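*Asks:* The structure follows.
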């Protein structure tokens, strides 16, 4: 994250490596809140949600907006990555909550988050709902979708999963990301002041 924030130009591999690192950190942090602190999945989700709201609130109060289009300097980018990491953490906690507390299981949880993301897409194209709100809502929901789908693939059959090797799944995902980074165009968005920041 420090390397990403200090980089003077946009480097796709560095940016997405930072996203992956934030995801992994978020996963372990969610487990810490849910299990190590002994407050359970509900308590962990609420605590992480409060931390995320506090971070976004401080970002809004300090910089005047939480729109990613304005991430064009180290201070704003620090807020951005803090919010990204907490979003990943909250997403993991929500995935655990839907699978274990709400009783939806891995497949049911994945379908729930697919439906919620589809609803956000409809709001984006058919209403004047805040695009900033829709971005953060969608970003948070992609994480529990990934968590529940990942659990569906690698958890034992008696737990509702398909018991596919976790290392095999991880290697396949790394390969898929590498192909996407190589094939799909990666460019920095144009931000106020002509500074290149996050991908557009």
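*Asks:* Consider residue 57 carefully, then state whether it is at pLDDT 95 or above, over 28 Å from residue 186 (Cα atoms) and surrounded by fewer than 14 Cβ atoms within 10 Å (Cβ to Cβ).
*Replies:* yes
*Asks:* Mind listing just one residue for me: the one in the stretch 88-108 that is in a helix (DSSP H, G or I) and surrounded by fewer than 20 Cβ atoms within 10 Å (Cβ to Cβ) and, of those, modelled with the lowest pLDDT?
*Replies:* 100
*Asks:* Now for a separate question. Consider residue 44 carefully, then state whether it is closer than 28 Å to residue 182 by Cα, touching a helix residue (DSSP H, G or I) at 6+ places or on another chain (Cβ under 8 Å) and in a helix (DSSP H, G or I).
*Replies:* Judged against the criteria, residue 44 is not a match.
*Asks:* Consider residue 111 against the criteria (1) loosely packed, with under 12 Cβ neighbours inside 10 Å; (2) in a helix (DSSP H, G or I): it satisfies all of them except one. Which criterion is unmet?
*Replies:* Unmet condition: (1).
*Asks:* Now, a different point. Modelled with pLDDT of 95 or more, part of a helix (DSSP H, G or I) and under 27 Å from residue 171 (Cβ atoms), is that true of residue 117?
*Replies:* Spelling it out, residue 117 is indeed modelled with pLDDT of 95 or more, part of a helix (DSSP H, G or I) and under 27 Å from residue 171 (Cβ atoms).
*Asks:* Starting from residues that are touching a strand residue (DSSP E or B) at 6+ places or on another chain (Cβ under 6 Å) and outside any helix (DSSP H, G or I), keep the ones in the stretch 60-87 and report whichever is modelled with the highest pLDDT.
*Replies:* Top of the filtered list is 71.
*Asks:* Quick check, is residue 149 on the phi < 0 side of the Ramachandran plot, touching a helix residue (DSSP H, G or I) at 6+ places or on another chain (Cβ under 9 Å) and surrounded by 20 or more Cβ atoms within 10 Å (Cβ to Cβ)?
*Replies:* Taking the combined requirement at face value, the residue does not satisfy it.
The values are calculated or read from the model by the stated rules, or taken from the named source; none is laboratory data. Because the structure is predicted, anything quoted here is derived from the model rather than measured. Counting neighbours? That spans all protein chains shown, and the Cβs are built from the backbone with ideal geometry, glycine included.
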